[in-house]
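> A single structure is presented below for examination.
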Amino acid sequence: MLPATFKLCAGISYRHTRNMTGLRKTAVVAIKHELSRLSGPGPSSWISQVRRRSSLLSSRIEEKPYSEMDMSYIKQGQEALQKSISILSDQDGWQTEIVAANGDKVLSKVLPDIGKVFKLEVLLDQPPDNLYGELVDNMEQMGEWNPNVKQVKILQRISQDTMVTHEMAAETPGNVVGPRDFVSVRCAKRRGSTCFLAGMSTHYPGMPEQKGVVRAENGPTCIVMRPSTEDPNKTKFTWLLSIDLKGWIPKTIINKVLSQTQVDFAQHLRHRMASNSAVAVQVC
């Protein structure tokens, strides 16, 4: 179902500013400050990689003249990544929702300002680069292999790292959850051997709400992919998921569906990657 809309995107109030330099400095300083606070005395490698490269935001912003709207999307994507890292870095308070036979695990916790969030933790037999290529470079193909997603469309590429997307969720059996869609800002980054796909819901004038479809919200959400310490050709895959489906669906049903959907997504992704590998072998 729609959770496969792991939307990484960002919904925050716009802070339009014509002073590009001021906005750039504010965003960079905020990200560096948060990452320094989270890392503590012994920062993990993936947090360190983000911190070392966060200063590149300024150079990317100066590559071409962005409009006020573009700048707001870039800032939303950066804030989505920052918030997601903060949530994932806090190991306290997580409760087990599902532990599959293959070791796939879904945890959850309730955050005061967000509500209930879910965290999928799995080990995939693929290097991070391959997964990044499928989930980011081939994003619009997700509907081909994930039955929970009907369509993913890139509405606008803002920068090398940022894009606005529209996702249509597939219908659920028995129509337990009616038609939903999402408009999201996605922030995709690669830092060393670690890959990120983060984001939250946003507003995009070119994609108004559609008749008969509920505009749901998500985020902050984030997928983190980093090599396994035991085998660099395998990936430790973490997916932070936060979704508000809107409507009058009981929370008990929503919580059960979202956690199971994360487990299902991992299996769908495994099948997709195995299929890609088989095709590559045939070509060779």
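The values are calculated or read from the model by the stated rules, or taken from the named source; none is laboratory data. In this text, all values refer to a predicted model and were calculated from it rather than measured experimentally. Cβ placement follows ideal geometry from the backbone for every residue including glycine, while neighbour counts extend to all protein chains displayed. The area values use the complete protein model at the heavy-atom level, side chains included, leaving out ligands, DNA and RNA. Shrake-Rupley method; radii C 1.70, N 1.55, O 1.52, S 1.80 Å.
> Taking a probe of 1.4 Å, how large is the accessible area per residue of region 88-235, in Å²?
45
> When the chain is fully extended, how far beyond the present Cα-Cα distance does Lys109 get from Ile154, taking 0.36 nm per residue of separation?
Roughly 13.1 nm would be gained on extension.
> Please find the FRET efficiency linking Gln91 to Ile249, where r is the Cβ-Cβ separation and R0 is fixed at 30 Å, and quote it to the nearest 0.05. Kindly include the intermediate steps, with their values, before the conclusion.
Numbers: r = 30 Å, r/R0 = 1.00.
Using R0 = 30 Å, I get an efficiency of 0.50.
> Which order do you get for His268, His203 if you rank them by accessible area with a 1.4 Å probe, largest at the top? Could you put the intermediate results ahead of the total?
On the way: His268 45, His203 110 Å².
From most exposed to least exposed: His203, His268.
> By how many nm would the segment from Asn233 to Arg190 lengthen if fully extended, with 0.36 nm per residue of separation less the alpha-carbon distance?
13.8 nm
> Determine the order of Glu134, Glu121 by accessible area, beginning with the largest, at a probe radius of 1.4 Å.
Highest to lowest solvent-accessible surface, that is Glu121, Glu134.
> Need the full-extension length gain, Glu140 to Arg270, defined as separation in residues times 0.36 nm minus the C-alpha distance. One decimal, nm.
Using 0.36 nm per residue and subtracting the Cα-Cα distance, I get 45.0 nm.
> Let me ask something else. Heavy atoms only, probe 1.4 Å: what % of the accessible area of region 70-125 goes to carbon and sulfur, would you let me know?
Ligands and nucleic acids excluded, carbon and sulfur give 47 percent.
> Another question, then. How much accessible surface area, in Å² rounded to 10, belongs to the heavy atoms of Trp94 with a 1.4 Å probe?
So the heavy atoms of Trp94 present about 30 Å² to solvent.
> Once the dipole of region 147-284 is set up with Lys and Arg at +1 and Asp and Glu at -1 on Cβ about the Cα centre, which of Val183, Leu245, Cys222 lies farthest towards its positive end?
The Cα lying farthest towards the positive end belongs to Cys222.
> What's the whole-number percent of alpha carbon pairs in region 122-279 lying beyond 29 angstrom? Write down the numbers at each step before the final one.
Values: 2229 of 12403 pairs.
Summing the P(r) of region 122-279 above 29 Å gives 18 percent of all pairs.
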